[in-house]
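Below is one structure, written out as C-alpha coordinates; the observations come after it.
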Amino acid sequence: MLGFWNRAELLITYDMKRFCQVRDAIQAAGLDYRYKTKPVSGSTLGTASRLEYRLFVHRDNLEWAQTLLKELR
(Lines give C-alpha, C1' and ligand atoms only; values in the text may rest on other atoms or scores of the structure.)
Protein backbone atom coordinates (compact mmCIF):
# COMPACT_ATOMS: atom_id res chain seq x y z
CA MET A 1 0.00 0.00 0.00
CA LEU A 2 1.24 3.45 -0.86
CA GLY A 3 0.36 5.93 1.84
CA PHE A 4 1.65 9.39 2.55
CA TRP A 5 4.03 8.01 5.19
CA ASN A 6 5.94 5.69 2.84
CA ARG A 7 6.04 7.55 -0.45
CA ALA A 8 8.69 9.66 -2.12
CA GLU A 9 8.27 12.35 -4.73
CA LEU A 10 9.63 11.30 -8.10
CA LEU A 11 8.54 14.10 -10.40
CA ILE A 12 7.12 17.62 -10.42
CA THR A 13 6.17 19.01 -13.82
CA TYR A 14 3.78 21.40 -15.52
CA ASP A 15 3.89 19.42 -18.77
CA MET A 16 0.99 16.97 -19.04
CA LYS A 17 2.67 15.06 -21.87
CA ARG A 18 5.81 14.50 -19.76
CA PHE A 19 3.71 13.49 -16.76
CA CYS A 20 1.82 10.91 -18.82
CA GLN A 21 5.06 9.57 -20.32
CA VAL A 22 6.59 9.01 -16.88
CA ARG A 23 3.37 7.68 -15.36
CA ASP A 24 3.01 5.14 -18.18
CA ALA A 25 6.61 3.94 -17.72
CA ILE A 26 6.15 3.57 -13.96
CA GLN A 27 2.90 1.70 -14.49
CA ALA A 28 4.45 -0.59 -17.14
CA ALA A 29 7.25 -1.43 -14.68
CA GLY A 30 4.62 -2.56 -12.18
CA LEU A 31 5.41 0.10 -9.58
CA ASP A 32 2.70 1.41 -7.31
CA TYR A 33 2.29 5.16 -7.69
CA ARG A 34 0.06 8.07 -6.74
CA TYR A 35 -0.21 11.51 -8.22
CA LYS A 36 -1.62 14.89 -7.33
CA THR A 37 -2.57 17.80 -9.49
CA LYS A 38 -2.79 21.36 -8.30
CA PRO A 39 -3.85 24.46 -10.19
CA VAL A 40 -1.18 27.12 -10.26
CA SER A 41 -2.26 30.68 -10.85
CA GLY A 42 -0.82 32.59 -13.78
CA SER A 43 1.92 35.13 -13.54
CA THR A 44 1.45 38.87 -13.24
CA LEU A 45 1.35 39.04 -17.04
CA GLY A 46 -2.18 37.66 -16.94
CA THR A 47 -1.47 34.18 -18.28
CA ALA A 48 -4.02 31.47 -17.74
CA SER A 49 -3.80 29.04 -14.86
CA ARG A 50 -1.99 25.76 -15.38
CA LEU A 51 -1.67 22.49 -13.52
CA GLU A 52 1.22 21.22 -11.46
CA TYR A 53 1.64 17.43 -11.62
CA ARG A 54 3.35 15.57 -8.77
CA LEU A 55 4.12 11.86 -9.04
CA PHE A 56 4.95 9.72 -6.01
CA VAL A 57 6.28 6.17 -5.68
CA HIS A 58 7.02 3.97 -2.68
CA ARG A 59 10.23 5.18 -1.07
CA ASP A 60 11.74 1.69 -1.40
CA ASN A 61 11.26 1.92 -5.19
CA LEU A 62 12.54 5.48 -5.63
CA GLU A 63 15.96 4.56 -7.06
CA TRP A 64 14.40 2.14 -9.54
CA ALA A 65 11.86 4.76 -10.59
CA GLN A 66 14.62 7.38 -10.98
CA THR A 67 16.48 4.98 -13.28
CA LEU A 68 13.36 4.62 -15.40
CA LEU A 69 13.00 8.38 -15.47
CA LYS A 70 16.58 8.82 -16.76
CA GLU A 71 15.96 6.29 -19.53
CA LEU A 72 13.03 8.36 -20.80
CA ARG A 73 15.13 11.45 -21.50
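The values are calculated or read from the model by the stated rules, or taken from the named source; none is laboratory data. Small disclaimer: the values here were computed from a predicted structure and weren't measured. Ideal geometry is used to build each Cβ from the backbone, glycine not excepted, and the neighbour counts take in all protein chains shown. Side chains included, ligands, DNA and RNA excluded: accessible areas come from the protein's heavy atoms. Shrake-Rupley method; radii C 1.70, N 1.55, O 1.52, S 1.80 Å.
Size descriptors for the range 1-45: radius of gyration and Dmax over Cα atoms are 13.1, 43 Å.
Compute the long axis of helix 16-28 from its Cα atoms, compare it with the longest principal axis of the Cα atoms of the chain, and write down the angle in degrees, 0 to 90, nearest 10. In the chain, helix 16-28 runs at an angle near 10 degrees to the longest axis.
When a 1.4 Å probe is rolled over the protein heavy atoms, the share of accessible surface on the chain that falls to carbon and sulfur comes to 51 percent.
Segment Arg34..Asn6, full-extension length gain: 8.9 nm, with 0.36 nm per residue of separation and the alpha-carbon distance subtracted. For the chain, the 222 nm mean residue ellipticity estimated from helices alone, with every DSSP H stretch of n ≥ 4 adding -39500 (n - 2.57) and the total spread over all residues, rounds to -9500 deg cm²/dmol. With all protein chains kept in place, the per residue accessible area of the chain amounts to 71 square angstrom at a probe of 1.4 angstrom.
Backbone phi angles across the range 51-62, fed through the Karplus curve with coefficients 6.51, -1.76 and 1.60 (θ = phi - 60°), yield HN-Hα couplings of 9, 9, 10, 10, 10, 10, 10, 4, 4, 6, 9, 4 Hz in residue order; Gly and Pro are listed as x. Relative to the current alpha-carbon distance between Ala25 and Leu51, full extension at 0.36 nm per residue lengthens the span by 7.3 nm.
Modelled this way, with points 7 Å down the Cα-to-C-beta line, the labels at Asp60 and Asp15 are 3.2 nm from one another.
The listed peptides 53-63, 3-13, ordered by packing as a protection proxy, come out as 53-63, 3-13 (highest mean of other Cβ atoms within 10 Å first).
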